Amino acid sequence: LCRDEKAKKLVSALAEMKVFSGIYQFDVNRNLLSPQFEPCVWLPCHGGISDEFFDDMLKTVLKNL
């Protein structure tokens with residue numbers, strides 16, 4: 001979760017790594033009756049990603065927040 005300006009910067013930095021994501025709205029309450037949407041940037045975390053690439057991606061996230 002991050003605010004708009006940092007989210008845009010993070011999406012750009014991830015795109016340079018060939019990680020294509022975007023800014024999405026996530027319901028932090030996780031409640032259909034009382035939602036509270038916050039901007040977030042999705043990160044891939046599937047089995048096809050090596051530990052090394054995942055570490056590089058996390059370093060990019062921490063650097064840009």
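The values are calculated or read from the model by the stated rules, or taken from the named source; none is laboratory data. All values reported here derive from a predicted model rather than from experimental measurement. Cβ atoms come from the backbone with ideal geometry, glycine included; neighbour counts cover every protein chain shown. All accessible areas refer to the heavy atoms of the entire protein, side chains included, with ligands and DNA or RNA removed. Shrake-Rupley method; radii C 1.70, N 1.55, O 1.52, S 1.80 Å.
Counting only protein heavy atoms and using a 1.4 Å probe, the accessible area of residue 56 comes to about 60 Å².
What the Cα atoms of the chain give is an Rg and a Dmax of 13.1, 40 Å.
How much area per residue is accessible in the chain when the probe is 1.4 Å and only protein heavy atoms are counted (Å²)? Present the calculation step by step, with values, prior to reporting the outcome.
Numbers: 4980 Å² over 65 residues.
I get 77 Å² per residue for the chain.
In order along region 45-53, phi translates into HN-Hα couplings of 8, 8, x, x, 9, 6, 4, 5, 5 Hz, rounded to whole numbers, per the Karplus curve 6.51 cos²θ - 1.76 cosθ + 1.60 with θ = phi - 60° and x for Gly and Pro.
Placing 30, 3 in order of accessible area, with the largest value first and a 1.4 Å probe, yields 30, 3. For the chain, what is the calculated [θ] at 222 nm in deg cm²/dmol (nearest 500), taking -39500 (n - 2.57) for each run of four or more DSSP H residues and dividing by its residue count? Here the helix-only value at 222 nm equals -13500 deg cm²/dmol. Accessible surface ranking for 33, 65, 1, 10, 1.4 angstrom probe, highest first: 33, 1, 65, 10. Here residue 8 is the anchor, and the aspartates and glutamates within straight C-alpha reach of less than 18 Å, apart from those fewer than 8 places off in the same chain, are 16, 38.
Using the crude model of +1 on Lys and Arg Cβ and -1 on Asp and Glu Cβ, and no other charge, please compute the dipole size for the chain relative to its Cα centre, in debye to 20. Mind showing how you got there, number by number?
Numbers: 8 positive and 9 negative charges, 42 e Å.
Here the chain has a charge dipole of around 200 debye.
Rolling a 1.4 Å probe over the protein chains gives residue 2 an accessible area of about 20 Å². Taking only protein heavy atoms and a 1.4 Å probe, the accessible area of the chain is 56% carbon and sulfur.
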